[in-house]
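J.: Questions regarding the structure given below will be posed in turn.
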Amino acid sequence: MRILTAEIRNKLLERFQVESRDAKPNLRVVATQSTVNTLLTEDIHTDTTANFGDVAIRQLPGEATPSLAYAICIDGGVANIYERSFPTDLESPWTWNWAFGAAMDVAIEFNGEWTINAKTRCYELITEETPYIFFTDASSTLYVQKWQDESTRIPLAENVEQISSCRAWKSNLDVGVDQGLVIGYLREGNVYYRAYAEQEGGALLWEEERQVTELGTGNVTLALFRTNDYRLGFVTENVGQIQYVLSYRTYAGQAMPAEYADVQPRDARVWTTDANRYYPVTAEQVNMEAQLVYFILHDTDAALDISAVTRVDERNLLLAFGQDIGGEILSSMSISPEQTILSATVQNGNELLVTLGEDMSRVTPFDLTITNCRTGYWIVDGMKMALETLTIHAEGAPNEGVEEESITVATTGTVLLITANKFYPVTSELAVVAGSGSVTLTPVDVIPI
């Protein structure tokens, strides 16, 4: 047997002395969770006995985690609203916010949009600023109200025994695929619910009352919940037994996570040509906006040619080109001597009929000019070529009234006198014709002779 030293014996005695003097140090550990699956187990208030109540958690757009929780409790027949901020700690207890009023049963829930978290790949309910409050009054009528705005209060059902609310799943891709903000309630032991959901046209409406027939009758308590596989659940107590039913899944845009393609270039190479150096006196900058751009691949030596210029009449000129033309050319045309050009119409592919506003004499020469034109074009090798500046010169018609003349003479009652000299003949004779004649001129132009 080993004899303890005085030092060890004193340490053992000190251990028991600490416990006996109630001086033993203690460490209190408080663990809370603050995520989209936040679970609170703590007192909201202890000053009075509570009846029924509900809790709703808020997470606004731009917040990484929930920032606030609201609780509604019935204290002595009056519903009161309490709140606390997140993250949860001992220095942020629940505090009274405002008194809602008399109620028999209450529920509170936020409406919002389901948004996927890019890091966790989980869906979070991004809520509105304020929640919806559901309550039943002394006549067992169920009402809904948006926070403190009493003008939004509307009745939803009558003869209601107990209520429970839940914001169910909604697709962000398919309009109208929305289980809605659901309020469930008991009436004579049967389970009913109404949903505030988005319709196919995009409107938010309270849908008609529906019964959950699968839960039967005789139910005494009801609670709504949602599952991680995009369902809404109803759980009740019936004759001492717990039973529940689940809705269909809301797969659209949720069950299958978004896919991304991450592309990175490899073995990239860049070639640069030798720089052309310029030394301008001043720096210049030009801002241009390209319009009517033509992508040209044909031979740069190709040129538009004129095959004929015809004066149809005093106001119409017909220009025949060697290639097909098209587009709007009128705004780029001018004529000298100056005239008003009313129209320029493309016909037969390669002809341009130009109509003037005033008569122009055939004997008047003219110059018809088409300036650089992007709205008009000519076609070569099946591609459009913007019209460049082109001047067409045409000489006037010759200033002659008659191209060919002819005279027709008709004779009537002609007398021919011949005098003969037997002894002195002559080598020439003269015949005198007496009568009348006419001359006919055939006009070949409108220009006067």
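J.: Only one of Ile183, Ile163 is surrounded by 15 or more Cβ atoms within 10 Å (Cβ to Cβ), touching a Cys at 6+ places or on another chain (Cβ under 9 Å) and modelled with pLDDT of 95 or more; which?
T.: Testing whether each residue is surrounded by 15 or more Cβ atoms within 10 Å (Cβ to Cβ), touching a Cys at 6+ places or on another chain (Cβ under 9 Å) and modelled with pLDDT of 95 or more leaves just Ile183.
J.: A further question follows. When Thr5 is evaluated against the numbered criteria (1) within 25 Å of Ala138 (Cβ to Cβ); (2) surrounded by fewer than 17 Cβ atoms within 10 Å (Cβ to Cβ); (3) modelled with pLDDT of 75 or more, which criterion, by number, is the only one it fails?
T.: Here Thr5 meets the rest and fails (1).
J.: Right, next: When you look at Gly101, is it at positive phi and at pLDDT 90 or above, yes or no?
T.: Yes: the conditions hold for Gly101.
J.: Just one of Thr88, Thr141, Thr115 is modelled with pLDDT of 95 or more, out of contact with any Cys (no Cβ under 6 Å at 6 or more places or on another chain) and either under 29 Å from Asn228 (Cα atoms) or surrounded by 13 or more Cβ atoms within 10 Å (Cβ to Cβ) (or both); which is it?
T.: It is Thr141.
J.: Looking at segment 341-359, I want the residues that are over 22 Å from Leu304 (Cα atoms) and have a partner that is surrounded by fewer than 17 Cβ atoms within 10 Å (Cβ to Cβ) and of a type in the set (S, T, N, Q) with Cβ atoms under 6 Å, at least 6 apart or on another chain. Which pairs are those?
T.: Cβ pairs passing all conditions: Leu342/Thr355; Gly357/Thr340.
J.: Now for a different question. Output the residues belonging to segment 192-219 that are touching a residue at least 40 places away in the same chain (Cβ under 8 Å) and not in a loop (DSSP other than H, G, I, E, B).
T.: Tyr193, Tyr196, Trp206
J.: Inside segment 50-82, can you point out the residues that are over 18 Å from Phe135 (Cβ atoms), among the charged types (D, E, K, R) and touching a strand residue (DSSP E or B) at 6+ places or on another chain (Cβ under 7 Å)?
T.: Arg58
J.: Now for a separate question. Does segment 379-390 contain at least one residue that is at pLDDT 85 or above, under 21 Å from Leu304 (Cα atoms), in the same structural domain as Glu314 (by TED's automatic domain parsing) and in a strand (DSSP E or B)?
T.: Among the residues of segment 379-390, not one is at pLDDT 85 or above, under 21 Å from Leu304 (Cα atoms), in the same structural domain as Glu314 (by TED's automatic domain parsing) and in a strand (DSSP E or B), which makes the answer no.
J.: May I pose another question? How many residues does segment 97-110 hold that are touching a residue at least 40 places away in the same chain (Cβ under 8 Å) and either outside the structural domain of Ala223 (by TED's automatic domain parsing) or out of contact with any Pro (no Cβ under 8 Å at 6 or more places or on another chain) (or both)?
T.: Number satisfying all stated conditions: 4.
J.: For segment 37-70, give me each residue that is among the acidic types (Asp, Glu) and modelled with pLDDT of 90 or more.
T.: Asp54, Glu63
J.: Of the residues Ala203, Ala157, which is small (Gly, Ala, Ser) and either surrounded by 14 or more Cβ atoms within 10 Å (Cβ to Cβ) or not assigned by TED's automatic domain parsing to the domain that holds Leu125 (or both)?
T.: Ala157
J.: If you take the residues in segment 182-194 that are of a type outside the set (Lys, Arg) and over 11 Å from Leu232 (Cβ atoms), which one is nearest to the chain's Cα centre (by Cα)?
T.: Ile183
J.: Answer yes if at least one residue in segment 420-436 is at pLDDT 60 or above, touching a Lys or Arg at 6+ places or on another chain (Cβ under 7 Å) and not in a strand (DSSP E or B), and no otherwise.
T.: Looking for residues that are at pLDDT 60 or above, touching a Lys or Arg at 6+ places or on another chain (Cβ under 7 Å) and not in a strand (DSSP E or B), one finds none in segment 420-436, hence no.
J.: Would you be able to say whether some residue in segment 227-238 is part of a loop (DSSP other than H, G, I, E, B) and at pLDDT below 80?
T.: There is no residue in segment 227-238 that is part of a loop (DSSP other than H, G, I, E, B) and at pLDDT below 80.
The values are calculated or read from the model by the stated rules, or taken from the named source; none is laboratory data. As the structure is a prediction and not an experimental result, all values here were calculated from the model. Heads up, the Cβs are rebuilt from the backbone with ideal geometry, glycines too, and the neighbour counts pull from every protein chain shown.
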